Amino acid sequence: MSHDDCIFCKIIDGEIPSAKVYEDEKVYAFLDISQVTKGHTLVIPKTHTKNIYETPPEVAQELFARIPKIANAIKDVYQPQGMNLLNNNEKAADQSVFHLHLHLIPRYGKDDGYAINWTTHVDDYSQEDLQQIAKEIGERVQA
Ligand code: 5GP
Ligand code: ZN
């Protein structure tokens, strides 16, 4: 199912050109037009889904099942020191394209252009606070 006004659906359909890395019946992988680091790849399900909240489990499963082989291809070619997987959901979390996507960002060292520099928050919550938060969330996880 594709959405008329979705640029990633247009990329899957070939209406918008992209630098394709991999494609099969379930997923499409292509270079991010803005390469945070060399080899920065987006992997998307062919089924349009807005973000993680609206993603059926089977679509999530099919998407994530392809990640290791694509990540290993990037690793084999560019031999990065590491790799970050990133998924932004909703505007407040920096989602700018509303078709689920996973960023694969190979890492070449601390000054490679990637930056999410959170500092430690280890003293923000007590062990009791953590137990309470875990309980509140855990009770809402659907069976
Ligand atoms: P988000 O901010 O939603 O997590 O990531 C969206 C990503 O899509 C951005 O990193 C942006 O550079 C990339 N992007 C937006 N439009 C296009 C496009 O037309 N082609 C490609 N290849 N990437 C795009
Ligand atoms: Zn779409």
### Query
Tell me, which residue of the range 91-112 that is in a loop (DSSP other than H, G, I, E, B) and within 12 Å of ligand 1 (Cβ to nearest atom) is most open to solvent (accessible area, probe 1.4 Å)?
D94
### Query
Quick one: S18 ticks every box in (1) within 12 Å of ligand 1 (Cβ to nearest atom); (2) polar (S, T, N, Q); (3) in contact (Cβ under 8 Å) with a residue 40 or more places away in the chain bar one, so which box is it?
(3)
### Summary
When restricted to K50, K20, the only residue open to solvent by 50 Å² or more (accessible area, probe 1.4 Å) and touching a strand residue (DSSP E or B) at 6+ places or on another chain (Cβ under 8 Å) is K20
### Query
Does D24 satisfy being more than 12 Å from ligand 2 (Cβ to nearest atom) and at pLDDT 95 or above?
yes
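The values are calculated or read from the model by the stated rules, or taken from the named source; none is laboratory data. Keep in mind it's a predicted model, so treat the numbers as computed, not measured. FYI the Cβ positions are ideal-geometry reconstructions off the backbone, even for glycines, and counts take in every protein chain you see. We work out accessible area using only protein heavy atoms, side chains counted, and drop any ligands, DNA or RNA first. Shrake-Rupley method; radii C 1.70, N 1.55, O 1.52, S 1.80 Å.
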